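To start, the structure itself, in structure tokens.
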Amino acid sequence: MDGQTPLTIVLVLLVLVCLAELVLLFRTAEQRREDPFRLVSGAAIFFVAAYPVAMNNPSLVNRLGDMWGRITGGRDGASTATQSSARILINGEQRDLDQPRTRIGRYPNNEIVLNHSTVSAYHAEIVERSDGRHEVVDRDSRNGTRVNGALVLSQMLKNGDLITLGAASMHYLSDSSLEPQGATPSRYDAEDDYPYEQQ
């Protein structure tokens, strides 16, 4: 046996481990109702460390996945131009919804962090749909997600909607012309008080 054979075996095993990790990440993303292609494309660059990096630093993997989507002209990259017209208003501060998927929760690796005891670690997310509208999706949170007071698992958002995660509230604001014509305006005004508090 020459010296190259063991090296080839090790390389093949590493490639198989990497492929197994990427399949596991794909299935994990599907179970979490996330975009599996975004997760896998962002994690693949880390080769055999793909799974540990994706689990320990998901924001980095998501940024890489978004970058790859823009480079290849995929859905994520194509939709970024329409996302800047929507934003979340929290305690008087506006946060642009400039990603295809914005996670909201108590843990610091969410795109929007709510440091409140009634908010789950990964409470909800706001997803941009292919038609440019946004949908809030509850992530099996402990205290639920409400839109204009109604408890929801998922809900398409309209300009002015009040989103409440546990006891933390925020408003969805959109300049989009993609909302249905004749939609009833929300009874909540952007100037309302917000039961959001820092702890």
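The values are calculated or read from the model by the stated rules, or taken from the named source; none is laboratory data. For clarity, every value in this text was computed on a predicted model and none was experimentally measured. Cβ sites come from the backbone with ideal geometry, for glycine too, and all protein chains shown count toward neighbours. For the accessible areas, the whole protein counts, side chains as well, though only heavy atoms, and no ligand, DNA or RNA atoms are used. Shrake-Rupley method; radii C 1.70, N 1.55, O 1.52, S 1.80 Å.
So if R0 is 25 Å, what FRET efficiency would ALA150 and ARG129 give, r being the distance between their Cβ atoms, rounded to the nearest 0.05? Present the calculation step by step, with values, prior to reporting the outcome.
Numbers: r = 20 Å, r/R0 = 0.79.
Efficiency for this residue pair is about 0.80.
Measuring with a 1.4 angstrom probe and ignoring ligands and nucleic acids, ARG129 comes out at about 90 Å² accessible.
Per the Kirkwood definition applied to all pairs of different Cα atoms, how many angstroms is the hydrodynamic radius of segment 5-75?
Values: mean 1/r = 0.0802 Å⁻¹.
That comes to 12.5 Å for segment 5-75.
Using heavy atoms of the protein chains and a probe of 1.4 Å, the accessible area assigned to ILE71 is about 110 Å². Applying 1/(1 + (r/R0)^6) with R0 = 35 Å to the Cβ-Cβ distance of ILE71 and THR5 gives a FRET efficiency near 0.40.
For segment 1-76 versus segment 104-180, the spacing of their alpha-carbon centroids is 28 Å.
Within 10 Å, count the other beta carbons around each residue, average over each peptide in 156-166, 106-116, and list them highest first.
Details: 156-166: 20.6, 106-116: 17.0.
Those peptides, ordered most packed to least, come out 156-166, 106-116.
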